[in-house]
Every structure is written in structure tokens, then in C-alpha cells.
Amino acid sequence: MMVVSAKSVVCLCFLFSVCHVRGAYISPKMNRTILNLLKHYKISKEEKYNGQLVFSKESIPEKLVEKRVFMRGVLETYETLINQMLKELPTPLPQTTGSKGGVGEGGAGEDVRTELNYILKMVLKLKTSHYKEQDNLLSSLNKLIGIKKDNFTVQSKALGELPWLYEEASDLNNEIQSRRRRRQARRFKPHRG
Ligand SMILES: *[C@@H]1O[C@H](CO)[C@@H](O)[C@H](O)[C@H]1NC(C)=O
Ligand SMILES: *[C@@H]1O[C@H](CO)[C@@H](O)[C@H](O)[C@H]1NC(C)=O
């Protein structure tokens, strides 16, 4: 299904090796747009530097597979967030309103809309080009979160399904532990031998 020429793979590898520096993926235009938007979405210094991030760094998993799923979720969250921000923008005012302030606000709103749309486009581009595989897993996780835990029928059925799920979860745990033991055995052998 995916036809990727060897040439483009080589090209991509080259790009990644050259540009893998922090900030290398944010184009000057994207950076400028974000800084501009921040002039509009201004909060007080106390709020800005209260030491609490919206996306806390500790919640980013270290393992690559988990990290990819998580970052897919982050991109999706930004998609929802920016769409919400767009929805909250004032609708363009007709040019005939007397007050200057009103017209000015309408104009600024349009700039913000254009800029938000640009950022949304960049987020969607990254999501659809590099995070397609994480689609299913993330929607499965969303379904887990959406399970109606206060519904009697759901409670009863979930209890009935617990035995095999409990088996699956325990099995997986054992497998991971024995894999880890095997890896450690391999790692330590040369030093002891
Ligand atoms: C974005 O622009 C600011 C101000 O010019 C600069 O300090 C910062 O390093 C830039 N960030 C990236 C990721 O390019
Ligand atoms: C509980 O869930 C079942 C099955 O999903 C549904 O048919 C039923 O209407 C729900 N009951 C309530 C009170 O929401």
C-alpha cells in the first residue's frame, strides 16, 4: 500500500540526521505565528509562570511505542483545542458598524483566525503524515475512558468479562518480566565471564 521510493527514504534519513536539533521542525513562520497569537492570548505573568504545565513533561512516556501513542494524543488534543479557540472567536463584524473599536476587534479576530488555522494545519499535517498507526490504539483507549462506570448493566457485564481480561493482563506482565530477565542475563554475562 505504501509506496516509498528508496530515494525518498535516503533523503528523509539525511534530513533527520542533519536537522535533529531542538527547534529544527518549527519553521520560522510557525514560530512567528505562535508568538503573534500569544499577543492575543495574553495571561498574567503569575498565571504563565505558576510552574504548572498543561502537558506535564513527566507524563510523557519514555518507551518509544508508548511515547508515539501519547504524542498522537497530544496532537489530537491540540486539534480539539484549536478548533475550540476558533469557535470562540468573535464572528466578523459588518463593516458598517459605527464604532471604531468594533471594527478593529473584528479585524484582529480575522488575523487570529488565519493564524489559528495555519497552526491547526501544521498540527494536522504532522498527525496525518506520521501518526496514522496510532489511530486505533488511541481510539481504543478513548473507549476505555468512555465506559459508563455508573451503569448497572455495564458493571455486571464488566464483572463477567474480568476473568479472561485478568488472565491476559497477568500473562502480559509475566512475559515482560521474563523478557527483562533474559535481557539482563545477556547484558551481565560478559562482565562476569
Ligand atoms: C522563535 O523565535 C524566538 C524569537 O525570535 C526565538 O527566540 C526562538 O528561539 C524561536 N524558536 C524556534 C523554535 O525557532
Ligand atoms: C446502561 O447500558 C446499557 C447497555 O449499554 C444500555 O442499554 C442502558 O440503556 C444503560 N442504562 C442507563 C440507565 O443508562
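The values are calculated or read from the model by the stated rules, or taken from the named source; none is laboratory data. None of these values were measured; they are calculated from a predicted model. Because the Cβ atoms are built from the backbone with ideal geometry, glycine has one as well, and the counts that use them run over all protein chains shown.
For first residues located in the stretch 112-127 and within 10 Å of E79 (Cβ to Cβ), partners that are among the β-branched types (V, I, T) and lie 6+ apart or on another chain with Cβ distances below 6 Å form the pairs L120/I82. The set of residues from the stretch 33-46 being surrounded by 12 or more Cβ atoms within 10 Å (Cβ to Cβ) and over 17 Å from E88 (Cα atoms) comprises T33, I34, N36.
Within the stretch 112-142, restricting attention to residues that are among the charged types (D, E, K, R) and modelled with pLDDT of 90 or more, the residue that is farthest from ligand 1 (Cβ to nearest atom) is R113. Exactly one residue among R192, R183 is at pLDDT below 90 and surrounded by 10 or more Cβ atoms within 10 Å (Cβ to Cβ), and that residue is R183.
Note on the stretch 128-166: residues that are under 14 Å from L75 (Cα atoms), of a type outside the set (G, A, S) and assigned to a helix (DSSP H, G or I) amount to 5.
Taking the criterion of being among the hydroxyl-bearing types (S, T, Y) and away from ligand 2 (no atom under 16 Å from the Cβ), the residues of the stretch 140-186 that qualify are S140, Y166, S170, S178. For first residues located in the stretch 25-39 and more than 10 Å from ligand 1 (Cβ to nearest atom), partners that are aliphatic (A, V, I, L, M) and at pLDDT below 95 and lie 6+ apart or on another chain with Cβ distances below 7 Å form the pairs L37/V112.
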